[in-house]
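Inspection log for the structure reproduced underneath, given as structure tokens.
The values are calculated or read from the model by the stated rules, or taken from the named source; none is laboratory data. Quantities reported herein were computed from a predicted structural model and do not represent experimental measurements. As a convention, Cβ positions derive from the backbone with ideal geometry for all residues, glycine included, and neighbour counts pool all protein chains shown.
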Amino acid sequence: MSMWYESWFDSPFYHQLYKDRDNVEAARFITNLVEYLNPLDTARFLDLACGKGRHCLQLYKLGLQVDGADYSENSINYASQFRNENLHFYKHDMRDALPNTYNYILNLFTSFGYFETREEHLQTLKHIHNGLEPDGIFVFDFLNLTVVKNNLVANETVLKDGVNFAINRAIVNNQITKTISFENEGGEYIFKEKVMALSATDLLGMMEQVGFTLKDSFGNYSLQKFDEQQSKRLILILKK
């Protein structure tokens with residue numbers, strides 16, 4: 001049986017539903033992050049689970065050498081139109097070893113927690129750790145489970161380009177689930193998203209288990225300090 005992300009991330013409806021993600025916010029976040037990291041001009045970055053490459057493009061515009069890797073072939077095909085000598089893209093399953101090593105690896109916008117077992121997630125983190133140069137930095141951006149639980153919107157409808165997406169959210173079997181149902185051109189569709197309900201404590205334990213050391217933590221894209229009760233994001237800066 002195929003997993004939910006194998007069909008959903010390659011679906012045109014996925015990109016239709018999320019077409020209005022805030023590129024201005026993404027650009028501001030990357031600018032803030034690079035200013036904080038202060039990388040050398042020769043540093044190599046990987047955006048792991050890069051989607052269509054919006055963060056990669058911002059890194060490149062700041063003069064950095066960037067690779068983007070993603071499981072979705074359609075996303076990589078789209079992003080590859082921007083390829084040049086300092087910006088590359090390739091298809092990759094994050095559970096597999098990385099083909100190159102980097103000074104910085106980024107995993108942004110809750111692009112983790114998709115798999116069924118803790119072992120798969122630990123395997124992913126081990127590959128990231130091994131894919132970093134000595135003293136390399138891993139930037140990990142995840143949801144803040146405490147705030148998600150306290151503010152979960154169970155049901156909503158989102159209209160995009162004439163399609164009404166009915167969205168149901170719940171926490172089931174320690175997974176944050178989103179069921180997306182809609183009709184289009186006479187067809188009925190149902191897709192699911194599932195992310196493991198991992199707390200800050202859970203995630204830090206996994207990071208330390210594979211060899212990472214916590215350097216800093218932030219709670220939003222302006223890089224304000226993390227507050228478990230209020231921060232919408234959990235952004236971890238980890239050192240190999």
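One table, with the values for the structure above:
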item	result
Residues located in the range 178-187, provided they are under 15 Å from Pro12 (Cα atoms) and surrounded by 14 or more Cβ atoms within 10 Å (Cβ to Cβ)	Ile180, Ser181, Phe182, Asn184
Pairs with Cβ under 8 Å, 6+ apart, first in the range 220-240 and touching a residue at least 12 places away in the same chain (Cβ under 8 Å) and of a type in the set (Ser, Thr, Tyr), second in a loop (DSSP other than H, G, I, E, B) and surrounded by 13 or more Cβ atoms within 10 Å (Cβ to Cβ)	Ser231/Asn144; Ser231/Gly219; Ser231/Asn220; Ser231/Gln224
Checklist (1) touching a helix residue (DSSP H, G or I) at 6+ places or on another chain (Cβ under 8 Å); (2) in a strand (DSSP E or B); (3) more than 21 Å from Tyr18 (Cα to Cα) applied to Gly68, failing item	(3)
Residue satisfying all of: in the range 148-167; under 21 Å from the mean Cα position of the chain (by Cα) and not in a loop (DSSP other than H, G, I, E, B); nearest to Ser231 (Cα to Cα) among these	Val148
Strands (runs of 3 or more DSSP E) completely within the range 171-240 that count 1 or more residues being touching a helix residue (DSSP H, G or I) at 6+ places or on another chain (Cβ under 6 Å) and among the basic types (Lys, Arg)	187-196
Only one of Gln16, Gln65, Gln81 that is polar (S, T, N, Q), at pLDDT 95 or above and farther than 20 Å from Phe140 by Cα	Gln81
Filtered residue count, the range 188-209, keeping only those that are surrounded by fewer than 18 Cβ atoms within 10 Å (Cβ to Cβ), over 24 Å from Asn150 (Cβ atoms) and either hydrophobic (A, V, I, L, M, F, W, C) or without any contact (Cβ under 8 Å) to a residue 60 or more places away in the chain (or both)	3
Any hit, the range 84-96, residues being surrounded by 17 or more Cβ atoms within 10 Å (Cβ to Cβ), farther than 30 Å from Asn174 by Cα and in contact with a Phe, Trp or Tyr (Cβ under 9 Å, 6 or more places away or on another chain)	yes
Qualifying position, being closer than 22 Å to Asp10 by Cβ and touching a strand residue (DSSP E or B) at 6+ places or on another chain (Cβ under 8 Å), among Gln175, Gln224	Gln175
Members of the range 184-203 that are more than 17 Å from the chain's Cα centre (by Cα) and of a type outside the set (D, E, K, R)	Asn184, Gly186, Gly187, Tyr189, Ile190, Phe191, Thr201
All positions within the range 134-177 that are under 30 Å from Lys215 (Cα atoms) and exposed (fewer than 10 other Cβ atoms within 10 Å of the Cβ)	Pro134, Asp135, Asn151, Asn174
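This table checks each residue for (1) assigned by TED's automatic domain parsing to the domain that holds His129; (2) more than 19 Å from Leu143 (Cβ to Cβ); (3) touching a Lys or Arg at 6+ places or on another chain (Cβ under 6 Å); (4) assigned to a helix (DSSP H, G or I).
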{"position": "Glu25", "(1), (2), (3), (4)": "yes, no, no, yes"}
{"position": "Thr31", "(1), (2), (3), (4)": "yes, yes, no, yes"}
{"position": "Tyr36", "(1), (2), (3), (4)": "yes, yes, no, yes"}
{"position": "Phe45", "(1), (2), (3), (4)": "yes, yes, no, no"}
{"position": "His88", "(1), (2), (3), (4)": "yes, yes, no, no"}
{"position": "Leu98", "(1), (2), (3), (4)": "yes, yes, no, no"}
{"position": "Tyr104", "(1), (2), (3), (4)": "yes, yes, no, no"}
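Per-residue answers, yes or no, for (1) modelled with pLDDT of 95 or more; (2) in the same structural domain as Gly205 (by TED's automatic domain parsing); (3) hydroxyl-bearing (Ser, Thr, Tyr):
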residue	(1), (2), (3)
Tyr114	no, yes, yes
Glu120	yes, yes, no
His129	yes, yes, no
Ile137	yes, yes, no
Lys160	no, no, no
Arg169	yes, no, no
Val172	no, no, no
Lys178	no, no, no
Phe182	no, no, no
